[in-house]
Amino acid sequence: MKLVAARALTIGAELAKPIYSSKGQILIQKDVVLTETFIQRLLDLGVTYVYIRDELSDDIVVHSPISEQLRIKSINSMKSAFQTYKTKTLKKEPVLLERTNEEIASVVDMMITEIDQDDQVVSLMSDIFVSDNYLFNHSVNVTIYAIVLAKALKRSNKEIRELGLGAMLHDIGKVFLPNELLKKKGKLTDKEFEMIKTHPELGFEFLRSFSTLPLMAAHCAYQHHERLDGSGYPRGIKGSEIHLYGKILAIVDVFDAVTSDRVYREAMLPQEGLEILYAGSGTLFDAHMVKLFRESVAVYPNGVTVELSDKRTGLVVKQNKKLYNRPVVRVISENDQQINPYELDLAKHLDVTITAYKL
């Protein structure tokens, strides 16, 4: 299957993966031949990329770090939890809130289990799930990335679970902010940005009130916007003052934020997201962690069309372990002329590089 930008879809293309709502309902079934109406519906739903059937890519396997069922469950759990946290109080309804925390912990445990059973590169580029709130998808994605990076850092199971809980709840402080502020399309005023900057402390104060949540989960909410050079917020702490979990979340939070569609801008490509991390490597973000994260994420996901430095065009067929910027490419054209396809392993042909996506 072939990954294409929704805005570049053409009439007659055949959808290779269904599009789900956050409730698990199929909005558009796979195998549907796309009409102008269907394409417009995908765009209206905010879908950025989809997989389509293509003779040249039918055998390409697309991989997700967690199952579709678990992603749906995770998003729904987040939606339910955030609503509960927003409307209930620990003083009046402690049992309900603690039960909500247990549900989130259960989801994190399932995510860790599925990721543990998988040794493939992480790719979350396709929007086969449409959520009515960016915050839920973002929380799930950040948790996946955080668990993967913690595993690469060889952290203990206890630490990975603590981090996973903190990652799922890192933005919980935003539920206490006005919804219209979070969904504003235009540029924030200085006053509005100052309000946004209160969400880490709001989240910390809320999460640390639970005796059943590890305190470090609360610190994940507190520190995910701190930066090594002290330029972050809310406290402007720097270097060793920032906890390991805060350093991990700083990286994965930024990466998912810039590679996701937002109300005020389109998603960047994975390569562009990694370039932002590398630009801040050693100053804003821990350099070693950035390097490990790059080794864990598909810069060029399977099924994406790319342009090579010698003007050949190809489809990414599979990944090379620890060399995810040098995958195996199925060359389909040379000098804009279609040819009989053949495979080129960029790990073995170091004189050739990928220069662009062709979505």
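Yes or no, residue by residue, for (1) within 30 Å of residue 2 (Cβ to Cβ); (2) at pLDDT 95 or above; (3) over 19 Å from the mean Cα position of the chain (by Cα):
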| site | (1), (2), (3) |
| --- | --- |
| 248 | no, yes, no |
| 273 | yes, no, no |
| 283 | no, yes, yes |
| 288 | no, yes, yes |
| 296 | yes, no, no |
| 314 | yes, yes, yes |
| 324 | yes, no, no |
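If we scan the stretch 281-291, do we find a residue that is over 24 Å from residue 305 (Cβ atoms), part of a helix (DSSP H, G or I), β-branched (Val, Ile, Thr) and open to solvent by less than 50 Å² (accessible area, probe 1.4 Å)? Checked against the condition, which is being over 24 Å from residue 305 (Cβ atoms), part of a helix (DSSP H, G or I), β-branched (Val, Ile, Thr) and open to solvent by less than 50 Å² (accessible area, probe 1.4 Å), the stretch 281-291 yields at least one hit. The condition (being in a helix (DSSP H, G or I) and either loosely packed, with under 14 Cβ neighbours inside 10 Å or in contact (Cβ under 8 Å) with a residue 12 or more places away in the chain (or both)) is satisfied by just one residue among 43, 27, 56: 43. Quick check on residue 3: is it buried (at least 20 other Cβ atoms within 10 Å of the Cβ) and outside any strand (DSSP E or B)? In short, no. Being in contact with a helix residue (DSSP H, G or I) (Cβ under 8 Å, 6 or more places away or on another chain) and under 22 Å from residue 96 (Cα atoms): is that true of residue 200 here? No; evaluated as a whole, the condition is false for this residue. Of the residues making up the stretch 162-211, those that are open to solvent by 60 Å² or more (accessible area, probe 1.4 Å), assigned to a helix (DSSP H, G or I) and closer than 21 Å to residue 105 by Cα number 2.
If residue 180 satisfies every condition in (1) within 30 Å of residue 102 (Cβ to Cβ); (2) modelled with pLDDT under 90 but one, which is the exception? Just one mismatch for residue 180, condition (1).
Contact annotation: residue pairs with Cβ atoms under 8 Å, 6 or more positions apart or on different chains, pairing a residue in the stretch 63-79 that is touching a residue at least 24 places away in the same chain (Cβ under 8 Å) with a partner that is of a type in the set (Lys, Arg), are 64/71; 72/23; 76/23. The listed residues are 258, 299, and the only one of them that is at negative phi and crowded, with 20+ Cβ neighbours inside 10 Å turns out to be 299.
Can you tell me which residue within the stretch 6-24, out of those that are part of a loop (DSSP other than H, G, I, E, B) and in contact (Cβ under 8 Å) with a residue 60 or more places away in the chain, is farthest from residue 45 (Cα to Cα)?
Result: 17.
Name the single residue, out of those in the stretch 218-229 being part of a loop (DSSP other than H, G, I, E, B) and open to solvent by 20 Å² or more (accessible area, probe 1.4 Å), that is nearest to residue 4 (Cα to Cα). Checking each candidate, the answer is 225. Report, ordered by the first and then the second residue, all pairs with beta carbons closer than 8 Å, sequence separation of six or more or different chains, a first member in the stretch 271-282 that is in contact (Cβ under 8 Å) with a residue 24 or more places away in the chain and under 15 Å from residue 232 (Cβ atoms), and a second member that is of a type in the set (Phe, Trp, Tyr) and open to solvent by less than 80 Å² (accessible area, probe 1.4 Å). Matching pairs, first to second residue: 277/255; 277/285; 277/293.
The values are calculated or read from the model by the stated rules, or taken from the named source; none is laboratory data. In this text the structure is predicted, and so the values were computed from the model without any measurement. In this analysis, Cβ positions are derived from the backbone assuming ideal geometry, glycine residues included, and neighbour counts consider all displayed protein chains. Protein only, heavy atoms only, side chains kept; ligands, DNA and RNA dropped before computing areas. Shrake-Rupley method; radii C 1.70, N 1.55, O 1.52, S 1.80 Å.
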